[in-house]
């Protein structure tokens, strides 16, 4: 079997094993945040940060939810890293944004943060802050979900079918799941262009 065939077979296996009930719970939580006039703050690092930027666009444009990603402001992000350190970057950004209980924090991450091993400590610190103000915590994460899965009100863990391909599958399925969410009847408010364009 070629690498391509194996990767696609793994992707198909993940689709079969995704927890549909957990995704439905995410949709419900997002709808509750919108109904409370809350905002969603998407947090991610690396490839997941790029996914956060895309998700912000989709949730704002298609679902009508006010959303932001701190990684979209590279000047503030790098200033905070330089002046205050990596660990506090997201939490301090959320403080300036006056995160409140009506809001949601949505983590896209491969590992979800691991305080003990000092992996993505900025996610851990941000989630501790989110919990302290009573904001809703959500996530789409890989492996065992890490700290995000431990503290989330709703989270989907992308199943591991090949330990050597956790990152590509987790980040790919973040996109599958958020596109499902912005298409979900509970959340979708506006049409997508190509589905409504005249042929």
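The values are calculated or read from the model by the stated rules, or taken from the named source; none is laboratory data. What you are looking at is a predicted structure, and each value in this text was computed from that prediction instead of being measured. Cβ atoms come from the backbone with ideal geometry, glycine included; neighbour counts cover every protein chain shown.
For this structure, a couple of remarks:
- The stretch 80-117, subset free of Cβ contacts under 8 Å to residues at least 12 places away in the same chain and part of a loop (DSSP other than H, G, I, E, B), residue farthest from residue 26 (Cα to Cα): 85
- Across the stretch 24-36, the qualifying residues are those that are farther than 15 Å from residue 157 by Cβ and in contact with a helix residue (DSSP H, G or I) (Cβ under 7 Å, 6 or more places away or on another chain), and the one among them that is surrounded by the most Cβ atoms within 10 Å (Cβ to Cβ) is 30.
- Scope the stretch 175-199; condition surrounded by 14 or more Cβ atoms within 10 Å (Cβ to Cβ) and over 21 Å from residue 64 (Cβ atoms); matching residues: 176
- The residues of the stretch 37-59 that are over 12 Å from the mean Cα position of the chain (by Cα) and either in a helix (DSSP H, G or I) or crowded, with 17+ Cβ neighbours inside 10 Å (or both), listed by number, are 38, 39, 57, 58.
- Single condition residue 64 does not satisfy, out of (1) buried (at least 18 other Cβ atoms within 10 Å of the Cβ); (2) not in a helix (DSSP H, G or I): (1)
- Candidates in the stretch 14-23 are the residues that are surrounded by 14 or more Cβ atoms within 10 Å (Cβ to Cβ) and assigned to a helix (DSSP H, G or I); of these, the one that is farthest from the chain's Cα centre (by Cα) is 14.
- Qualifying residue in the stretch 118-134 (condition: in contact (Cβ under 8 Å) with a residue 40 or more places away in the chain, assigned to a loop (DSSP other than H, G, I, E, B) and touching a strand residue (DSSP E or B) at 6+ places or on another chain (Cβ under 7 Å)): yes
- Members of the stretch 132-161 that are within 21 Å of residue 93 (Cα to Cα), surrounded by fewer than 22 Cβ atoms within 10 Å (Cβ to Cβ) and out of contact with any helix residue (DSSP H, G or I) (no Cβ under 6 Å at 6 or more places or on another chain): 132, 133, 134
- Helices (runs of 4 or more DSSP H) wholly inside the stretch 143-199 containing at least 1 residues that are at pLDDT 95 or above and over 13 Å from the mean Cα position of the chain (by Cα): 146-151, 166-183
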